[in-house]
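Before any comments, here is the structure.
The values are calculated or read from the model by the stated rules, or taken from the named source; none is laboratory data. Keep in mind that this is a model prediction, so the values were computed, not measured. Using ideal geometry, Cβ is built from the backbone for each residue, glycine included, and neighbour counts are taken over all protein chains shown.
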Amino acid sequence: MVARHDQTRDPELLAALLQARRGTAFFARKLNELSDAELDGDSLLPGWTRRHITAHIGYNARAIARLIEWAATGVETPMYPSTDVRDHEIAFGATLSPIALRHLFDHSAVHLNVEWRDLPEDAWHHTVRTIQGREVPATETVWMRSREVWMHAVDLDNGAVFRDIPVPVLERLLNDITGAWKTRGTDKDLVLKVTDRDLTLGDTAAASPTVVSGPLPAVVEWSAGRGTSGVTAVGPRTTNGTVPAAPKWI
């Protein structure tokens, strides 16, 4: 059998696809290390078990595949009819048997990969719409998926940490998060210093900022609301050296 390859020749897009596929493989490894009984355990996300995380990742692949079908055909196929439908779907998926839940993840990942692989070169620039209502080119779906699989592999609480996430993914995550803060105005008087990257983000013009510092993985972990390990903070938002909670991201 002759192997079929991605139809795009764009080197940046090919690199992004590889990063997303590696993230999917990483999530699969952390999921497969869990026993069926351990799927019932808590994840790092409040109110969600590992079942919820797995269902979310499975249905997310199906939703993104719908956007790729939209790009390919021109027929509007939204990710979800509404956020309520998405939330109900995840809640239902969390009740599936362990084997069905694992099959959901496996089959949806393969389906999305095939949709990406078979998308014609010119269709990658066709516009689709995210669940948040953003109009984006189909190329953006690759980042949307990469972000989900890498971060939620950590949320499975099965030994994965932010240090396991590739630097390019961490850097883009941090840009996404701080960009969302800036859009909402919630980064006022807040500065992030990435100590291993000589990178400073946030309200750098503030007269008296709260400065959160640490290596890139730790700063992203804090910014994403996943914990304070590895970061320090000084400034008005701190009390007795405690690190404040990050502004809401999504």
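Each row is one residue, and each column tells you yes or no for (1) closer than 17 Å to Ala153 by Cα; (2) out of contact with any Ser or Thr (no Cβ under 6 Å at 6 or more places or on another chain); (3) of a type in the set (Val, Ile, Thr).
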site: Asp36; (1), (2), (3): yes, yes, no
site: Gly41; (1), (2), (3): yes, yes, no
site: Pro46; (1), (2), (3): yes, yes, no
site: His52; (1), (2), (3): yes, yes, no
site: Ala55; (1), (2), (3): yes, yes, no
site: Asn60; (1), (2), (3): yes, yes, no
site: Ile64; (1), (2), (3): no, no, yes
site: Leu67; (1), (2), (3): no, no, no
site: Trp70; (1), (2), (3): no, no, no
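Set side by side, the residues Asp155, Asp176, Asp187 differ, and just one is in contact (Cβ under 8 Å) with a residue 12 or more places away in the chain, acidic (Asp, Glu), surrounded by 15 or more Cβ atoms within 10 Å (Cβ to Cβ) and in the same structural domain as Asp42 (by TED's automatic domain parsing), which is Asp155. When the criteria are applied in full, Thr200 meets the requirement of being in a strand (DSSP E or B) and in contact with a Lys or Arg (Cβ under 9 Å, 6 or more places away or on another chain). Taking the criterion of being surrounded by 23 or more Cβ atoms within 10 Å (Cβ to Cβ) and either modelled with pLDDT under 95 or part of a helix (DSSP H, G or I) (or both), the only residue of segment 158-168 that qualifies is Phe162.
Here Leu39 fits the description: of a type outside the set (D, E, K, R), in contact (Cβ under 8 Å) with a residue 60 or more places away in the chain, in contact with a Lys or Arg (Cβ under 7 Å, 6 or more places away or on another chain) and buried (at least 17 other Cβ atoms within 10 Å of the Cβ). Residues that are assigned to a loop (DSSP other than H, G, I, E, B) and touching a Phe, Trp or Tyr at 6+ places or on another chain (Cβ under 7 Å) were ranked within segment 72-111; the one that is surrounded by the most Cβ atoms within 10 Å (Cβ to Cβ) is Thr77.
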